[in-house]
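Before any comments, here is the structure.
Bear in mind these aren't lab numbers, they're just calculated from the coordinates by the rules spelled out. Note that the coordinates shown come from a computational prediction; the quantities given were computed from them, not determined experimentally. Counting neighbours? That spans all protein chains shown, and the Cβs are built from the backbone with ideal geometry, glycine included.
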Amino acid sequence: MGRGRVELKRIENKINRQVTFAKRRNGLLKKAYELSVLCDAELALIIFSNRGKLYEFSSTSNILKTLERYEQCSYVTPEVNNAAKEIEQSSYKEYLKLKGRYETLQHHQRHLLGEDLGPLNVKDLEHLELQLDSSLKLIRSTKTQYMVDQLSDLQTKEKMWVDANRALERKVIKNHLLSSIHRIN
């Protein structure tokens, strides 16, 4: 029993769309792998999800070599090809810059966690200590404010329960007096 035809239109339900994307993406990646193995074909497959996440497959060890081969074989004019190479170089420079920034942030994070402090000099360690002190003051201030807010909430609840308790005591006394008066009569 086969499946019916699927109408090709955007799937409106976000969850169904994501499930379909994942299944079809995996199927497409599997087909690309099978084609490369069975037919000894050189393949490069690039997929971007609607969230911008990259999925890729390359039958060679380097997808860039396959893309360069594609550029050489495509019928693109040299001007467009040069513009694409300039954009690629610019993107690569941006990538290297971001990668360096990422590594710097990772080192800084490790330092804040007290790891990998060996290469730091005294001035760097003092700067790190000041940052940690500042962060600790902010954390303590936030924690104190949170505790003050909680205390205020608890005091409000206490007042509410005390008032409710007094009202119940008055009601009990009133009922007791009424029942005493009924017994006397």
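Summing Lys and Arg as +1 and Asp and Glu as -1 over all other residues whose Cβ lies under 13 Å from the Cβ of Leu178 gives a net charge of +4.
Separation of the stretch 128-158 and the stretch 6-82, taken as the distance between their Cα centroids, equals 51 angstrom. The value given for the chain is a Kirkwood hydrodynamic radius of 25.8 Å, derived from the mean inverse Cα-Cα separation. With contacts taken as Cα pairs under 8 Å at a separation of at least 6 residues, the chain carries a relative contact order of 7 percent. The chymotrypsin sites (Phe, Trp or Tyr not before Pro) found in the stretch 7-103 that occupy coil by DSSP, while having at most 16 further C-beta atoms within 10 Å, are Tyr75.
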